[in-house]
Amino acid sequence: MPILDKKDVTCEELSPGTERWSIVDGTKGADSLSVGDVILAPDSVVPTHIHPTEEAMVILDGELEALIGNQTVTVGVGQTVLAPPGVKHGFVNRSGMPARLMAIFPTNKMERTLVE
């Protein structure tokens, strides 16, 4: 059973002020799971995008404005945003404080396509 540590993972910048660590995926031994840890600085975004699989995004810290399809809602700690396959989604941090979410996919290779 592997023990994975965030400090051993390279950080990817999704957009200015938004960082993502790929904690679990196929390169780390997973067969059918990807988990990313995402931190959004104040006034930063997770750009609007789609995936060929569903995605669950668990809000761990802060408050975010979430776009799912054509709906925008405010979400906070303890809430989970579920984006179905092919449905556009993204986040904006307008709270003035950092926010953090865990992104979970039912595949060992996360695929993302940016959309307007």
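Some observations on this one:
- Taking the listed residues E12, E19, the one that is in a strand (DSSP E or B), touching a Lys or Arg at 6+ places or on another chain (Cβ under 6 Å) and open to solvent by 60 Å² or more (accessible area, probe 1.4 Å) is E12, with no other qualifying.
- Tally of residues being open to solvent by less than 50 Å² (accessible area, probe 1.4 Å) and more than 18 Å from P47 (Cα to Cα) across region 97-109: 1
- Among (1) touching a strand residue (DSSP E or B) at 6+ places or on another chain (Cβ under 6 Å); (2) within 21 Å of S34 (Cα to Cα) - the single one V115 does not satisfy: (2)
Here's the yes/no breakdown for (1) more than 14 Å from the chain's Cα centre (by Cα); (2) at pLDDT 95 or above; (3) of a type outside the set (F, W, Y):
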residue	(1), (2), (3)
W21	no, yes, no
A66	no, yes, yes
V73	yes, yes, yes
N93	no, yes, yes
A99	no, yes, yes
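- Where a residue in region 26-39 is touching a residue at least 60 places away in the same chain (Cβ under 8 Å) and its partner, wherever it lies, is part of a helix (DSSP H, G or I) and surrounded by fewer than 19 Cβ atoms within 10 Å (Cβ to Cβ), with Cβ under 8 Å and at least six apart: S34/G26; D37/K6
- When the residues of region 32-64 are filtered to those that are open to solvent by less than 40 Å² (accessible area, probe 1.4 Å) and of a type in the set (D, E, K, R), the one that is farthest from the chain's Cα centre (by Cα) is E55.
- Criterion violated by T72 - all others in (1) touching a residue at least 12 places away in the same chain (Cβ under 8 Å); (2) open to solvent by 50 Å² or more (accessible area, probe 1.4 Å) satisfied: (1)
- The residues of region 52-80 that are among the charged types (D, E, K, R) and part of a loop (DSSP other than H, G, I, E, B) amount to a single one, E54.
The values are calculated or read from the model by the stated rules, or taken from the named source; none is laboratory data. All values reported here derive from a predicted model rather than from experimental measurement. FYI the Cβ positions are ideal-geometry reconstructions off the backbone, even for glycines, and counts take in every protein chain you see. For accessibility, only protein heavy atoms count, side chains too; no ligands or nucleic acids. Shrake-Rupley method; radii C 1.70, N 1.55, O 1.52, S 1.80 Å.
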